[in-house]
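Presented below is the structure to which this report refers.
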Amino acid sequence: MAGLVSHHTYSDAEISGILNSVRSVAIVGASLKDVRPSYFVVRYLIDKGYAVFPINPGHGGETLLGRTVYASLADVPEAIDMVDIFRGAEHAPGIVDEALTLQPRPKVIWMQLGIRNDEAAAKAEAAGLTVVMNRCPKIEYGRLSGEISWSGVNSRVLSSKKPVLRPGFQHRGLPGT
């Protein structure tokens with residue numbers, strides 16, 4: 001999946017393919033404060049069945065929603081499929097550098113809404129990773145699964161197919177799983 005053509009638009013198939021292929025997600029910049037967007041993303045991805053590893057150097061060793069918070073990506077004891085960057089764009093190159101030292105390497109670098117760093121993206125893609133910028137996996141999952149339309153938001157996805165149901169609070173799954 002490496003080498004998406006554009007970082008301004010992503011097809012539904014590209015995003016769905018990424019979200020269906022990853023099982024573990026490290027969220028760099030995860031907050032323990034339950035009013036922060038990163039907290040909601042951690043909770044949502046856990047509810048969807050992903051193995052979530054919160055990363056926050058100021059809270060290493062603490063717990064967030066029953067998960068150990070790690071001080072760095074290198075501290076995570078398992079393979080990470082996707083690194084979700086919830087830090088400012090200026091931090092993305094360092095986070096990508098750290099991700100590239102992991103063995104095995106993650107498949108995906110995902111930069112949250114409002115975060116774009118073309119230098120970091122180019123470095124990750126040159127190493128064979130897929131990069132998504134300025135998107136939120138929680139929003140994209142909700143949009144593609146149809147959950148977001150429950151709130152009256154136009155998800156741009158129309159389907160007569162019965163939704164895929166999964167266990168959990170928000171239980172619709174992505175197409176193709």
### Query
Can S38 be described as assigned to a helix (DSSP H, G or I) and within 23 Å of D97 (Cβ to Cβ)?
yes
### Message
When you scan the range 59-82, do you find a residue that is under 12 Å from P137 (Cβ atoms) and either among the β-branched types (V, I, T) or in contact with a helix residue (DSSP H, G or I) (Cβ under 9 Å, 6 or more places away or on another chain) (or both), even just one?
### Response
yes
### Message
Tally up the residues in the range 99-122 that are closer than 17 Å to H8 by Cα and either of a type in the set (V, I, T) or not in a loop (DSSP other than H, G, I, E, B) (or both), please.
### Response
10
### Failed item in (1) out of contact with any Pro (no Cβ under 9 Å at 6 or more places or on another chain); (2) farther than 15 Å from N134 by Cα, with A79 passing the rest
(1)
## Note on the structure
Going through the range 1-30 in order, the residues found to be at pLDDT 95 or above, outside any helix (DSSP H, G or I) and of a type in the set (S, T, Y) are S24
### Task
Output the residues belonging to the range 110-148 that are without any contact (Cβ under 8 Å) to a residue 40 or more places away in the chain, closer than 21 Å to I80 by Cα and of a type in the set (D, E, K, R).
K123
### Query
Just a yes or no: is a residue in the range 44-60 in contact with a Cys (Cβ under 9 Å, 6 or more places away or on another chain) and not aliphatic (A, V, I, L, M)?
no
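For every residue, the table says whether it meets (1) in contact (Cβ under 8 Å) with a residue 40 or more places away in the chain; (2) of a type in the set (S, T, Y); (3) more than 21 Å from M133 (Cβ to Cβ); (4) exposed (fewer than 13 other Cβ atoms within 10 Å of the Cβ).
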site	(1), (2), (3), (4)
R36	no, no, no, no
V52	no, no, no, no
H59	no, no, yes, no
L64	no, no, yes, no
S72	no, yes, yes, no
R87	yes, no, no, no
L100	no, no, no, no
#### Entry: Residue match in the range 66-84 (condition: assigned to a helix (DSSP H, G or I), modelled with pLDDT of 95 or more and under 15 Å from the mean Cα position of the chain (by Cα))
yes
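The values are calculated or read from the model by the stated rules, or taken from the named source; none is laboratory data. For clarity, every value in this text was computed on a predicted model and none was experimentally measured. As a convention, Cβ positions derive from the backbone with ideal geometry for all residues, glycine included, and neighbour counts pool all protein chains shown.
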